[in-house]
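Trainee: Would you mind keeping the following structure in view while I ask a few things?
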Amino acid sequence: MSEEMQEILSKLKLAVAILVLAVIIAVAVIVMNIVPTVQNIMKLNEDYAAQTIVLSEKQKELEDLQLTIKKQEDLSDIEKQFFVSAEAGLDTEGVIAGEFSEILDLIRSNTIKMRSINYTYDPSDDNFVKGAPQKFNVAQLDMEMIANYKTFENFLRDLYKHEHFLDIAKVEVTPYEKDKSVLLINFTIKLYAQKS
């Protein structure tokens, strides 16, 4: 092979080497610019997914709060009537029996367990008994109950919605020592009936 050919071949090899080196450098520069961009896109995608979860949780909280507000508004305009027995001439126990039965139904429907109950008819310290004994019969019920937080909350809500006038005189709630989700409740309620 001639010297001229060898020189051309040598220049050609050098040109190819420079071209390959230029391509390698170009690819390296492109990769160095693309990799951080791809990493940034992946991080933004992860942040978006996390924020989407936070947004859905906050929307759920808002819906729950709106529902709670709506329930409270629904309860705010309840008018209470005094219980009136269908039968005339009964003593206090007989008159209040129907009202007491409704309260026991609320206790049962909310799966609350009764430990004990004491009755006091027409208690002398009650304002209705003092002020208008000829117009009203009163029964004070001192109850010991067992419930969990949710069933007791539902029971109180049902009492609030109950159609007849009553007075929750005392509520003492103590969590059970062995299981704090169980409540031991001392509950005093006064039931009123209008005499016919």
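The values are calculated or read from the model by the stated rules, or taken from the named source; none is laboratory data. Keep in mind that this is a model prediction, so the values were computed, not measured. Virtual Cβ from ideal backbone geometry, glycine too; neighbours counted across all protein chains shown. These area figures cover heavy atoms from the full protein model, side chains too; ligands, DNA and RNA do not enter into them. Shrake-Rupley method; radii C 1.70, N 1.55, O 1.52, S 1.80 Å.
Trainee: Does ALA50 fit the bill of being part of a helix (DSSP H, G or I), open to solvent by less than 100 Å² (accessible area, probe 1.4 Å), modelled with pLDDT of 90 or more and not acidic (Asp, Glu)?
Mentor: yes
Trainee: Is it the case that the range 23-35 has a residue that's open to solvent by 80 Å² or more (accessible area, probe 1.4 Å), under 25 Å from the mean Cα position of the chain (by Cα) and either within 30 Å of LYS161 (Cα to Cα) or among the polar types (S, T, N, Q) (or both)?
Mentor: No.
Trainee: Okay, next question. Return the residues of the range 102-113 that are touching a residue at least 60 places away in the same chain (Cβ under 8 Å) and open to solvent by 40 Å² or more (accessible area, probe 1.4 Å); say none if nothing qualifies.
Mentor: GLU102
Trainee: When you check ALA147 against the structure, is it hydrophobic (A, V, I, L, M, F, W, C) and either open to solvent by 70 Å² or more (accessible area, probe 1.4 Å) or within 28 Å of PHE128 (Cα to Cα) (or both), yes or no?
Mentor: No.
Trainee: Checking GLU177 against (1) charged (D, E, K, R); (2) part of a helix (DSSP H, G or I); (3) open to solvent by 60 Å² or more (accessible area, probe 1.4 Å), which single condition isn't satisfied?
Mentor: (2)
Trainee: Would you mention how many residues in the range 150-174 are in contact with a Phe, Trp or Tyr (Cβ under 6 Å, 6 or more places away or on another chain) and open to solvent by 60 Å² or more (accessible area, probe 1.4 Å)?
Mentor: Selection size over the range 150-174: 2.
Trainee: Report yes if GLU99 is open to solvent by 70 Å² or more (accessible area, probe 1.4 Å) and either at pLDDT below 90 or assigned to a loop (DSSP other than H, G, I, E, B) (or both), otherwise no.
Mentor: no
Trainee: Given the conditions (1) open to solvent by 70 Å² or more (accessible area, probe 1.4 Å); (2) at pLDDT below 85; (3) part of a strand (DSSP E or B), report the number of the one that ASN137 does not fulfil.
Mentor: The number of the failed condition is (1).
Trainee: Filter the range 121-132 down to residues that are assigned to a loop (DSSP other than H, G, I, E, B) and over 18 Å from ALA97 (Cα atoms) and give me whichever is modelled with the highest pLDDT.
Mentor: Restricting to residues being assigned to a loop (DSSP other than H, G, I, E, B) and over 18 Å from ALA97 (Cα atoms), the top hit is ASP125.
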